[in-house]
Amino acid sequence: MAKVKEAEQRSGAAYSLQGTLLEVCSCGVLCPCWVGEDPDGGECPSVVAYHIDRGQVTGVDVSGHSAVMVNHIPGNVLAGNWEVVLLVDDDATSEQRDALVGVFSGRLGGPLADFAQLIGTVKGVESVPISPQVSGGTGTLHIPGIVEAEMEPYRGPDGSVTTLRDSIFSTVPGSPAWVSKATRHRVNLPQYGMSWEHEGSNAIQADWTMEHGGTS
């Protein structure tokens with residue numbers, strides 16, 4: 001992490017990121033968490049996957065890489081105390097991995113730090129092959145042996161994607177979310193006490209941009 005710290009001090013911007021989001025959880029559509037209500041069933045096991053099309057973190061180019069948070073949310077999303085396993089794609093260099101861990105852990109401030117305040121425990125950080133894809137509103141997430149998800153957005157009468165805006169909670173602040181449904185959603189991380197499988201559950205997709213100028 002020392003390299004990230006040094007780069008942060010040299011760079012005028014802590015991070016500038018642009019990419020796509022895939023999110024899926026155990027709740028029915030639409031997940032109550034986004035409007036600040038308690039999750040269906042009293043808890044919300046979920047996956048939030050960020051893919052970075054273009055971006056830098058403390059001067060390190062992280063374009064083309066992904067970070068995935070596998071979460072157990074024990075109650076209301078805004079109450080915090082999330083348990084999280086952070087997965088970073090395994091083709092990232094050690095410098096890129098450190099940068100991604102730094103930004104998604106919230107250590108570099110900005111909107112991702114606001115999000116990270118909800119985390120109570122990071123149970124593990126692993127490098128794994130990650131394949132996220134969003135095409136025409138259809139999203140898939142594939143992490144061999146760990147995460148599988150497929151999702152489709154809801155659409156209006158004219159075929160446009162249904163969006164959610166101005167919600168009290170968002171994993172992509174400032175960007176509209178595409179309200180979606182996951183045909184399937186499976187997580188297999190028994191070593192962290194995180195294993196589940198659901199069909200027809202809530203999903204969210206988005207294009208997003210996040211920037212932070214280096215002051216918390």
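Here the stretch 117-189 is assigned +1 on the Cβ of each Lys and Arg and -1 on the Cβ of each Asp and Glu. Its dipole about the Cα centre then comes out at about 120 debye. Judged by the mean number of other Cβ atoms found within 10 Å, the most tightly packed of the peptides 166-173, 110-117 leads the ranking 110-117, 166-173. Its residue count N sets the reference 2.2 N^0.38 Å, and the alpha-carbon radius of gyration of the stretch 118-188 equals 1.33 times that reference. Based on alpha carbons, the Rg and Dmax found for the stretch 63-128 are 12.0, 36 Å.
Relative protection proxy for 145-156, 48-59, from highest mean packing down: 48-59, 145-156 (other beta-carbon atoms within 10 angstrom). Distances between placed amide hydrogens fall under 5 Å for Thr163 paired with Val179, all partners being 5 or more residues away or on another chain. Shown in residue order for the stretch 66-81 are the 3J(HN,Hα) couplings computed by the Karplus curve 6.51 cos²θ - 1.76 cosθ + 1.60 at θ = phi - 60°: 9, 9, 10, 9, 9, 10, 10, 9, x, x, 4, 4, 7, 7, x, 6 Hz (x for Gly and Pro).
What does the accessible area per residue of the chain come to in Å², with a 1.4 Å probe and no ligands, DNA or RNA counted? Mind dumping the intermediate values first?
Numbers: 9240 Å² over 216 residues.
Here the per-residue accessible area is 43 Å².
Annotation: amide H of Val29 within the under-5 Å range of Asn202, sequence separation 5 or more or interchain, hydrogens built in the peptide plane.
The modelled label-to-label distance between Ser127 and Arg184, using points 7 Å beyond Cα along the C-beta direction, is 3.0 nm.
Tell me, what % of the accessible area of the stretch 105-216 is carbon and sulfur with a 1.4 angstrom probe? Here carbon and sulfur together make up 47 percent of the probe-accessible area. For the stretch 144-159, putting each phi into the Karplus relation 6.51 cos²θ - 1.76 cosθ + 1.60 with θ = phi - 60° gives couplings of x, x, 10, 9, 9, 7, 9, 9, 10, x, 7, 9, x, x, 8, x Hz, in residue order, rounded to whole numbers and with x for Gly and Pro.
Here the mean projected area of the convex hull built on the C-alpha positions of the stretch 29-166 is 9.3 nm². A dipole drawn for the chain from +1 and -1 charges on Cβ atoms has a positive end, and of Cys27, Val85, Gly159 the residue lying farthest that way is Val85.
For the pair Thr138 and Gln117, label points projected 7 Å from Cα toward Cβ lie 4.0 nm apart. The H on the amide N of Asp53, modeled in the peptide plane, is under 5 Å from the matching H of Gln18, Gly19, Thr20, Gly64, each at least 5 residues off or on a different chain. What the phi angles of the stretch 26-40 give under the Karplus curve with 6.51, -1.76 and 1.60, with θ = phi - 60°, is a coupling list of 7, 6, x, 7, 8, 4, x, 4, 5, 10, x, 8, 5, x, 4 Hz, glycine and proline written as x.
The values are calculated or read from the model by the stated rules, or taken from the named source; none is laboratory data. None of the values given here were measured: they were computed from a predicted structure. Backbone-built Cβ (ideal geometry, glycine too); neighbour counts: all protein chains shown. SASA here: full protein model, heavy atoms, side chains in, ligands and nucleic acids out. Shrake-Rupley method; radii C 1.70, N 1.55, O 1.52, S 1.80 Å.
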